[in-house]
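Structure first, commentary second.
Just so it is clear, none of the values below were taken in a lab; they were calculated from the coordinates. Everything numeric here is computed off the predicted structure, so don't read it as measured data. Neighbour counts are summed over all protein chains in view; Cβ atoms, including those assigned to glycine, are modelled from backbone coordinates with ideal geometry.
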């Protein structure tokens, strides 16, 4: 069915620091020409950091898009589309939590908003945490706290955790490792 849709043009409307906004001109199966929005994203990586006692380190940070604090797994954008996601996940772990690791295992890959964005997040897991220190950007304010899976699952189902990468990662981790 993919061959029934034909992209005729992709026009850059706005280049951003994190995303690029395009307008695509597409011929659809009935022959009509339509305009669709497209958000280009360089990709991201995330990690489920598991402590020695089986708790999961979570980061609490302010998110401008929601105008509130969220509770998430450590994550961040790639430094370029060519950066290996395992390296990015290890970097983000240390930057955000103050722990580092030399070993991560791919847990799951997600596409966050397939209707209009190509963002792909590779999510890893590690239980080899080595104390280090945070390397926060000047605009980042992050609190780190360990939680057990039962607490996190309760927060997912009562709506306190709504971040899609975090929900997918935690439930995949529980299903695969617990």
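Sorted from fewest to most neighbouring beta carbons within 10 Å, what does the list 58, 149, 178 look like? Could the numbers behind the result be given before it?
Values: 58 24, 149 17, 178 7.
Ascending Cβ contact count within 10 Å gives the list 178, 149, 58.
Hey, what angle do you get for helix 85-97 against the long axis of the chain, alpha-carbon based, 0 to 90 degrees rounded to 10?
For 85-97 against the chain, the angle is about 50 degrees.
From Cα coordinates alone, what are the radius of gyration and Dmax values for the chain in angstrom?
18.4, 59
Please rank 133, 41, fewest neighbouring Cβ atoms within 10 Å first, as an exposure proxy. Spell out each step's value before the answer.
Details: 133 11, 41 19.
Ascending number of Cβ neighbours within 10 Å: 133, 41.
In the Gaussian network model of the chain, springs joining C-alpha atoms below 10 Å, which of 109, 97, 85 carries the largest mean-square fluctuation?
Largest GNM mean-square fluctuation: 109.
Please report the spacing between the Cα centers of the range 136-154 and the range 1-54 in Å, no decimals.
Using only Cα atoms to place each centre, the spacing works out to 29 Å.
Modelling each spin label as a point 7 Å along the Cα-to-Cβ direction, I'd like the residue 82/residue 115 distance in nm, to one decimal.
3.6
For the chain, what is the mean residue ellipticity at 222 nm derived from helices alone (per DSSP H run of n ≥ 4: -39500 (n - 2.57); sum divided by total residues; nearest 500 deg cm²/dmol)? Kindly include the intermediate steps, with their values, before the conclusion.
Values: 3 runs with 36 residues, N = 178.
Computed mean residue ellipticity for the chain: -6500 deg cm²/dmol.
Which order do 38, 116 fall in if you start with the one that has the fewest other Cβ atoms within 10 Å? Before the final figure, lay out each step's value.
Details: 38 19, 116 12.
In order of increasing Cβ crowding within 10 Å: 116, 38.
Provide the percentage of antiparallel DSSP beta bridges, counting only those with both residues in the chain; round to the nearest 5.
Values: 40 of 47 bridges.
Expressed as a percentage, antiparallel bridges in the chain total about 85.
Considering Cα pairs under 8 angstrom that are at least six residues apart, work out the relative contact order of the chain and quote it in whole percent. List each step's numbers first, then the result.
Values: 367 pairs, mean separation 37.9, N = 178.
Relative contact order here is 21 percent.
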